[in-house]
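Working notes, structure below.
Just so it is clear, none of the values below were taken in a lab; they were calculated from the coordinates. Keep in mind that this is a model prediction, so the values were computed, not measured. Cβ placement follows ideal geometry from the backbone for every residue including glycine, while neighbour counts extend to all protein chains displayed.
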Amino acid sequence: MDPFVIQQYLAQAEQHAAAASRLVARQEALVRQLERDGHDTSDAFKVLATLRDTQALHEQAVVRLQEELGVARR
């Protein structure tokens with residue numbers, strides 16, 4: 001694949017990974033707040049698990065694209 005195209009995909013994957021990280025942090029804060037207020041957190045934990053899985057997929061895409069470009073892992 002064209003290195004320019006890979007670089008574009010990499011930039012997008014990095015943006016998605018960063019956004020996913022922010023979503024995970026926000027959901028973790030929500031879980032803590034729900035726990036602190038004595039609410040059921042089972043659904044919030046399910047959402048958190050899904051967000052973490054999604055974040056991992058984005059991070060794997062970053063690594064794969066970096067490897068394809070020959071860029072050292074950060």
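Once the Cα-Cα distance is subtracted from the 0.36 nm per residue extended length, the M1 to R32 segment shows a gain of 6.7 nm.
What dipole magnitude, in Debye to the nearest 20, does the chain give about its Cα centre under +1 on Lys/Arg Cβ and -1 on Asp/Glu Cβ?
180
Taken about its Cα centre, the stretch 24-65 carries a charge dipole of about 180 debye when Lys and Arg each add +1 at the Cβ and Asp and Glu each add -1 at the Cβ. Modelled label positions at R22 and D40, each set 7 Å beyond Cα in the direction of Cβ, lie 3.1 nm from each other.
Over the stretch 3-69, what is the relative contact order in whole percent, taking alpha-carbon pairs under 8 Å and six or more residues apart? Show your work: numbers first, answer last.
Working: 46 pairs, mean separation 37.0, N = 67.
This gives 55 percent for the stretch 3-69.
Working value for the chain: equivalent-ellipsoid semi-axes of 34, 9, 8 Å, each the square root of 5 times a Cα gyration tensor eigenvalue, largest first. Relative to the longest principal axis of the chain, what angle (0 to 90°, nearest 10) does the C-alpha long axis of helix 42-69 take? With rounding to tens, the tilt is 10 degrees. Summarising the amide proton neighbourhood of T41: residues at separation of 5 or more, or on other chains, whose placed amide H is nearer than 5 Å comprise an empty set. Rounded to the nearest 10 degrees, the angle from helix 3-36 to the longest Cα principal axis of the chain is 10 degrees.
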